[in-house]
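First up is the structure itself, then whatever we jot down about it.
The values are calculated or read from the model by the stated rules, or taken from the named source; none is laboratory data. These numbers come from a predicted model, not from an experiment. Neighbour counts are summed over all protein chains in view; Cβ atoms, including those assigned to glycine, are modelled from backbone coordinates with ideal geometry. The protein model used for the area step is the full one, side chains on, heavy atoms only, and it has no ligands, DNA or RNA in it. Shrake-Rupley method; radii C 1.70, N 1.55, O 1.52, S 1.80 Å.
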Amino acid sequence: MKISQIRLESTNAQISMETRKATNQIQQPKADMLIEQPKADLSIRTIQGKLTIDQSQARADVDLKSVFLRTEEFAQMGKQGLLVGIQRRAQEGEELMKIENSGNPISMQAKRNGQKPTKEFGIGFVPSVGSVKVNYQPAVVETSITPNKPIISVQVNKPVHDYQPGKVEISLGQRNNLNIDFETIDIMV
């Protein structure tokens, strides 16, 4: 006897999945910073010191006098000599007017006027102490300082963010298949 036989052969469908991971990169650039310190404003004003030395008295002590000083001294000496002479003559005139009182005024006057006066001698220091006069005015320094504040400039940079999302690709890796085969088989009964 002949029997028909159906033979089924099937293959399952297979899914193929391909995955790509997500990437995330973040970079933070440094801030751009500029700091500048201007110099301070400085002004200095100096009034010069002054030194004066007056040695005219010391020069006069060693007889190194100027023409003007010598002329003044000679004028003083002449004036003083004139006054002494006038006083002496007035005194002698009074003595002669009173000749009747007592004494001998003519011989006394002759004796006084005939002798030179004795000169005095003394020890002295040339030039005299303190004859050089020194005067000093010290210098004056005035300073003015104005500090300047620093100039600070900051530029913040935004972060650099690079994000690639992940992806999953699904595809049919193998199709399903069904094979149907008819076969006749002889069977013995």
For residues that are open to solvent by less than 100 Å² (accessible area, probe 1.4 Å) and either in contact with an Asp or Glu (Cβ under 9 Å, 6 or more places away or on another chain) or closer than 19 Å to residue 87 by Cβ (or both), tally how many sit in segment 115-133. 6
Please return the ranges of strands (runs of 3 or more DSSP E) entirely within segment 2-94 where 1 or more residues are under 30 Å from residue 156 (Cα atoms). 23-27, 32-36
Checking the conditions here, which among 187, 152 is under 60 Å from the mean Cα position of the chain (by Cα), over 30 Å from residue 46 (Cβ atoms) and of a type in the set (Val, Ile, Thr)? 152
Within segment 81-114, restricting to residues that are in contact (Cβ under 8 Å) with a residue 12 or more places away in the chain and of a type in the set (Asp, Glu), the one that is most open to solvent (accessible area, probe 1.4 Å) is 95
Unmet requirement for residue 63, which otherwise passes all of (1) on the phi > 0 side of the Ramachandran plot; (2) surrounded by 10 or more Cβ atoms within 10 Å (Cβ to Cβ): (2)
Provide a single number: the residues in segment 169-183 that are of a type in the set (Asp, Glu) and either within 30 Å of residue 6 (Cβ to Cβ) or surrounded by 10 or more Cβ atoms within 10 Å (Cβ to Cβ) (or both). 2
Pairs, first on the phi < 0 side of the Ramachandran plot and surrounded by 10 or more Cβ atoms within 10 Å (Cβ to Cβ) in segment 155-168, second hydroxyl-bearing (Ser, Thr, Tyr) and part of a strand (DSSP E or B), C-beta under 6 Å, six or more apart: 164/23
Out of 133, 79, 98, sole residue that is of a type in the set (Lys, Arg), touching a Pro at 6+ places or on another chain (Cβ under 9 Å) and at negative phi: 98
Name the single residue, out of those in segment 32-70 being of a type in the set (Ser, Thr, Tyr) and within 27 Å of residue 123 (Cα to Cα), that is nearest to the chain's Cα centre (by Cα). 56
Suppose we filter segment 11-31 for residues that are under 39 Å from the mean Cα position of the chain (by Cα) and open to solvent by 90 Å² or more (accessible area, probe 1.4 Å); how many remain? 1
